[in-house]
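Below: the structure, in structure tokens.
The values are calculated or read from the model by the stated rules, or taken from the named source; none is laboratory data. A quick note: this is a predicted structure, and the numbers were derived from the prediction, not measured. For neighbour counting, all protein chains shown are included, and Cβ atoms are generated from backbone atoms with ideal geometry for every residue, glycine included. These accessible areas exclude ligands, DNA and RNA; they are computed on the full protein's heavy atoms, side chains included. Shrake-Rupley method; radii C 1.70, N 1.55, O 1.52, S 1.80 Å.
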Amino acid sequence: MARVEPIRVDVQPARNADLARLSDTPDARFFADRFERQKNDRGVLFVASLDDEPVGDVYLWLEDAEEFLLRKNLPGVALLTHLEVFPGYRGLGIGTSIIKVVESHLTDLDHERAALAVREDNERAARLYRRLGYTDWGHGRLVCFADVMCPGGRPGVAPELCHVLVRQLDHNKSRVPRTLSSSAPG
């Protein structure tokens, strides 16, 4: 098996320049909404970049969850949402790097746990999260709602059946740098 050379990926909260680069993607409306939320301290849109080009992202939801069962069973727990690594950059450890930076940010904010929902059919992502220490929340599957673009270009939402996973954050670990070399799967 050929050894994958580590790549250096920079993971930072989104800036205006990042939003401009993401405006040509199918998720442009999502990024604009999350960037606006970030400006209002309701969350943080993290962008992973390689040579100043976006290669992935995640939104750290810091407000109360939209889903009742999440609010009830995980009150005050931050949610990692919309984690994605762009095609052509998957399997290089970028997803792992993004999660490590976000978890470090959460420990800086004194959060004890992090949670995320993964679509039932997204086994590759579920394996990554489990490898990183995320475990089932113990309250069954959850219907989440994803922002989608409907025919005719109007925004809408689509239900997704998801597993909710939670991880206890380790406050004893040293701070993770924002620029990471990554070569592990993820």
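Couple of notes before you dig in:
- Entry comment: accessible area of the chain is 55 Å² per residue, from protein heavy atoms only and a probe of 1.4 Å.
- Using a Gaussian network model of the chain in which every pair of alpha carbons under 10 angstrom is joined by a spring, one finds that among P155, P54, P13 the greatest mean-square fluctuation is at P155.
- Theoretical ellipticity at 222 nm over the chain - DSSP helices of four or more residues, -39500 (n - 2.57) apiece, nearest 500: -7500 deg cm²/dmol
- Across the range 155-168, computed HN-Hα scalar couplings (Karplus, 6.51 cos²θ - 1.76 cosθ + 1.60, θ = phi - 60°) run x, x, 10, 10, x, 9, 7, 10, 9, 9, 10, 10, 9, 6 Hz from first to last residue, x flagging Gly and Pro.
- Ordered from largest to smallest accessible area (heavy atoms of protein chains, 1.4 Å probe), the residues R15, R34, R113, R127 come out as R127, R15, R113, R34.
- Note on N172 and R15: the model spin-label points, each 7 Å out from Cα along the C-beta direction, lie 3.7 nm apart.
- Sum of side-chain charges, R141 neighbourhood, beta-carbon under 14 Å (Lys, Arg +1; Asp, Glu -1): -4
- Net charge contributed by nearby residues that have their C-beta within less than 14 Å of L45 (K/R +1, D/E -1): -2
- Solvent-accessible area, 1.4 Å probe, carbon plus sulfur percent, for the range 1-118: 48 percent
- Gaussian network model of the chain, springs between alpha carbon atoms under 10 Å - residue of H82, H171, H163 with greatest fluctuation: H171
- Of all the options Q38, Q12, Q168, the one that moves most in a Gaussian network model of the chain with Cα springs shorter than 10 angstrom is Q168.
- Cα gyration tensor shape for the chain, rounded if a/c is under 1.5, else prolate or oblate: rounded
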